[in-house]
Amino acid sequence: MSRIAYVNGQYVRHAQAAVHVEDRGYQFADAVYEVWGVIDGELTDFEGHLKRLARSLKELQIRKPLSDAALTAILQRIVAVNRIRYGLIYLQISRGVARRDHVFPPDSVPPSIVITARSANANAAESRAQRGIAVITRPDQRWARRDIKTVSLLPNALAKQAARAEGAAECWMIDRDGMITEGAAANAWIITADGVLVTRAADHDILNGITRRIIFELAEKQGLATEERPFSRDEALRAREAFITSATSFLTPVVRIDSQPVGNGHPGSFSLMLRERYVATAKDRSKAPAMRQPVWLVARRSKHLQN
């Protein structure tokens, strides 16, 4: 079955999906995005991502192209027609298509919206979590408003590539004070030797991940002490456990930092427990009622998209 994308009001085959050459997202990175994880056909943490999308748009003064109800229906259909059981949904909204100029175009220019879907291997993801991942560290070279989920991700891409070159899965970035901010595509966490869960406070230095927020809730229910504060690479190496969180990795243990082991060099019990809790409660956190419809039913209603 061909993958289906949504581009500015039309459902099109993924291979033919395109935006205009003067789309400001392409020319200026003048755009925001969101990523939803999908578990058993359900968009996880739906409302949290929707609210963060609205905040990002407001911070960049990009108007919402659709109502929440309309966007929910489109996201539902994209999951359905692509028959995504486990994977991700990517949404991007730019300021729109206009003559290339640094200043914003008139308000009459409509924003551009693109939505794509991709399946993933649930067993492979779980196996990776059970093994744990390695991370490297690099200086943080990103702009000063990392709390806005923009598509300006070149420093992140360079950090990820550096990690790949060294056989690692993620890069933790370090600020001028020697403290870890977050990963190239995930929030960074440690569990101290005293059993305290630590991650950096959500200010302009990091993206306030939706999964990050859920982990705090789950930790509280499990009676784990938590702190929002910076931590250094050395403190991370002395920690009992470390892990990353994101919409697509959920919670994945970190077992090595710059080739040095964290704890005993294996995923820790707290990390694995929190991951299990996160996945187990994912459906309860889906706030898109239309997603409760069987995938085959919505796909049948939209079968003309695949002809």
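The values are calculated or read from the model by the stated rules, or taken from the named source; none is laboratory data. Since we're looking at a predicted model, the values are computed, not measured. As a convention, Cβ positions derive from the backbone with ideal geometry for all residues, glycine included, and neighbour counts pool all protein chains shown.
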*Residue selected from the stretch 220-237 under the condition at pLDDT 95 or above and part of a helix (DSSP H, G or I), by the criterion surrounded by the most Cβ atoms within 10 Å (Cβ to Cβ)*: ALA236
*Are there any pairs, at least 6 apart or on different chains, whose C-beta atoms fall under 8 Å, with the first in the stretch 154-168 and within 23 Å of PHE28 (Cβ to Cβ) and the second of a type in the set (D, E, K, R), and if so, which?*
PRO155/ASP140; PRO155/ARG142; ASN156/ARG142; ALA159/ARG138; LYS160/GLU170
*Test ALA163 against the criterion of being aliphatic (A, V, I, L, M) and touching a Cys at 6+ places or on another chain (Cβ under 7 Å), and give yes or no.*
yes
*asked:* Here is a list: GLN141, GLN130. Which entry is loosely packed, with under 15 Cβ neighbours inside 10 Å, in contact with a Pro (Cβ under 6 Å, 6 or more places away or on another chain), on the phi < 0 side of the Ramachandran plot and not assigned by TED's automatic domain parsing to the domain that holds VAL79?
replied: GLN141
*Can you tell me which residues in the stretch 102-141 are within 17 Å of PRO261 (Cα to Cα) and in contact with a strand residue (DSSP E or B) (Cβ under 8 Å, 6 or more places away or on another chain)?*
ARG128, ALA129, ARG131, GLY132, ILE133, ALA134, VAL135, ILE136, THR137
*Can you name the residue in the stretch 153-178 that is out of contact with any helix residue (DSSP H, G or I) (no Cβ under 8 Å at 6 or more places or on another chain) and crowded, with 17+ Cβ neighbours inside 10 Å and, of all such residues, is farthest from GLN92 (Cα to Cα)?*
ALA168
*asked:* Give me the residue from the stretch 22-67 that is over 15 Å from the mean Cα position of the chain (by Cα) and among the hydroxyl-bearing types (Ser, Thr, Tyr) and, out of that set, farthest from THR150 (Cα to Cα).
replied: SER67
_Quick check on my filter: what residues within the stretch 181-218 are among the β-branched types (Val, Ile, Thr) and under 15 Å from ALA144 (Cα atoms)?_
THR181, ILE206
_Hits in the stretch 174-227 (condition: among the acidic types (Asp, Glu) and in contact with a Lys or Arg (Cβ under 8 Å, 6 or more places away or on another chain))_ = GLU182, ASP205
_Qualifying residue in the stretch 102-112 (condition: modelled with pLDDT of 95 or more, in a strand (DSSP E or B) and over 25 Å from PRO253 (Cα atoms))_ = yes
*asked:* Suppose we filter the stretch 238-259 for residues that are in a loop (DSSP other than H, G, I, E, B) and closer than 15 Å to MET273 by Cβ; how many remain?
replied: 1
*For LEU75, indicate whether it is under 17 Å from the mean Cα position of the chain (by Cα) and among the aliphatic types (A, V, I, L, M).*
yes
*Residue within the stretch 67-87 that is loosely packed, with under 15 Cβ neighbours inside 10 Å and either of a type in the set (Ser, Thr, Tyr) or not assigned by TED's automatic domain parsing to the domain that holds ASN8 (or both) present*: yes
